[in-house]
1. Counting only residues that are within 12 Å of ligand 1 (Cβ to nearest atom) and buried (at least 22 other Cβ atoms within 10 Å of the Cβ), which one in region 192-206 is farthest from Lys176 (Cα to Cα)?
2. Residues that are surrounded by 15 or more Cβ atoms within 10 Å (Cβ to Cβ) and without any contact (Cβ under 8 Å) to a residue 40 or more places away in the chain: does region 289-299 have at least one?
3. Has region 229-242 got at least one residue that is of a type in the set (S, T, N, Q), within 16 Å of ligand 2 (Cβ to nearest atom), buried (at least 17 other Cβ atoms within 10 Å of the Cβ) and assigned to a helix (DSSP H, G or I)?
4. Provide a single number: the residues in region 39-94 that are touching a strand residue (DSSP E or B) at 6+ places or on another chain (Cβ under 6 Å) and of a type in the set (Ser, Thr, Tyr).
5. Answer with yes or no whether Ala260 is in contact (Cβ under 8 Å) with a residue 12 or more places away in the chain and either of a type outside the set (A, V, I, L, M, F, W, C) or within 18 Å of Arg173 (Cα to Cα) (or both).
6. Within region 53-72, which residues are basic (Lys, Arg) and either within 16 Å of Glu25 (Cβ to Cβ) or under 20 Å from the mean Cα position of the chain (by Cα) (or both)?
7. Could you tell me which residue of region 243-273 is nearest to ligand 2 (Cβ to nearest atom), considering only residues that are in a loop (DSSP other than H, G, I, E, B) and either touching a Phe, Trp or Tyr at 6+ places or on another chain (Cβ under 7 Å) or farther than 30 Å from Asn30 by Cα (or both)?
8. Any chance you could count how many residues in region 212-228 are part of a loop (DSSP other than H, G, I, E, B) and either at positive phi or within 13 Å of ligand 2 (Cβ to nearest atom) (or both)?
Amino acid sequence: MKETLTNANFPRDAQGRVYHLSLKEGEVANRILTVGDHVRARAIARHLDTEEECGHKIFENVSQRGFTTITGRYKGVPVTILAIGMGNPMMDFFVREVRAVTKGPIAIIRFGSCGSLNVNAPPGSVVVPYGGYCIRRNLDYFAEEKVTPQLDKPYLISGVFKADAEMTATLERTMKEALAPVTAKNDMVGPVVAGGLNADGCSFYSSQGRLDPTFWDDNEEVIQDALSVHPTTNSLEMETSMLFHLAHCVKDTDRPIRAAGCMQVFADRVNNGFISPDVVGLLEPVAGRAVLEALIQTKIEEVDEKGTVWERK
Ligand code: R1P
Ligand code: URA
């Protein structure tokens, strides 16, 4: 920790920078593309307008806790690309701290990678879910002294949190438009599979049904259990459903968080395959651009650029 922080409830430094993202007001645009991987973030940032086109510097910040933020413009519209790392808690840090340093409505699209439970969404395809839920390891099931023995199941499957329907429809369209010419030349890329659900596991391993003889997991049935509750589940990953959940829990209706998500399929959980780096190299830049297109086509109240890092000089 470099700075002195005040307010244990929501820590900030003297400049108003939030604790983990290390950002202050005016550094995050109201349209945000979030990814897990900072290399992906930098690759997508190549699509941003140049500094000459923008009329200002492209802002970059890497926080001590590993959040990478890049704010610039895409086709003249201010956007932020933010890499958060992995898992629900990182999504929680990101959504709460970004909300604290932005004004007005914000639009967030997550572009992740996932495992697929759908044979029609093989590695190289892109899933656009209409909503998501979580699969959480029930620690109490494994505890030596249980406090909730009535919940004697190893994994808890939540209800559904919906994505923003309009943003999701836009994203499906921009993704299909972007992938079509690539798929026409290379059948390892595509299709776009929309209309199903995403599941966030609290682990890449146990709660996503991966078998690991080293640990007591009791997870042989977890995928079947999830599918019996939510039969339209296409994808398994670790952040998107949490994004939808937090967007749903915003209390201030004047400052909504609108959220959508898409994932490139990396792992084939039906036939046990994995995407190749060559296919990622073809897919990721095209899909990333499609997300930027969807973000700038999302209508939200614009904020005054004065005093922001995207103020034109
Ligand atoms: C696990 O390998 C990670 O990949 C997926 C999961 O959600 C998890 O974060 O997404 P990202 O590729 O965006 O990190
Ligand atoms: N990310 C996940 O969380 N799971 C997968 O199977 C692949 C990527």
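No value in this document is a laboratory result; all are computed from the given coordinates. Keep in mind it's a predicted model, so treat the numbers as computed, not measured. Backbone-built Cβ (ideal geometry, glycine too); neighbour counts: all protein chains shown.
1. Once the filter is applied, the top-ranked residue is Gly201.
2. no
3. yes
4. 4
5. It is true that Ala260 is in contact (Cβ under 8 Å) with a residue 12 or more places away in the chain and either of a type outside the set (A, V, I, L, M, F, W, C) or within 18 Å of Arg173 (Cα to Cα) (or both).
6. Across region 53-72, the qualifying residue is only Arg65.
7. So the residue we want is Arg269.
8. Count: 1.
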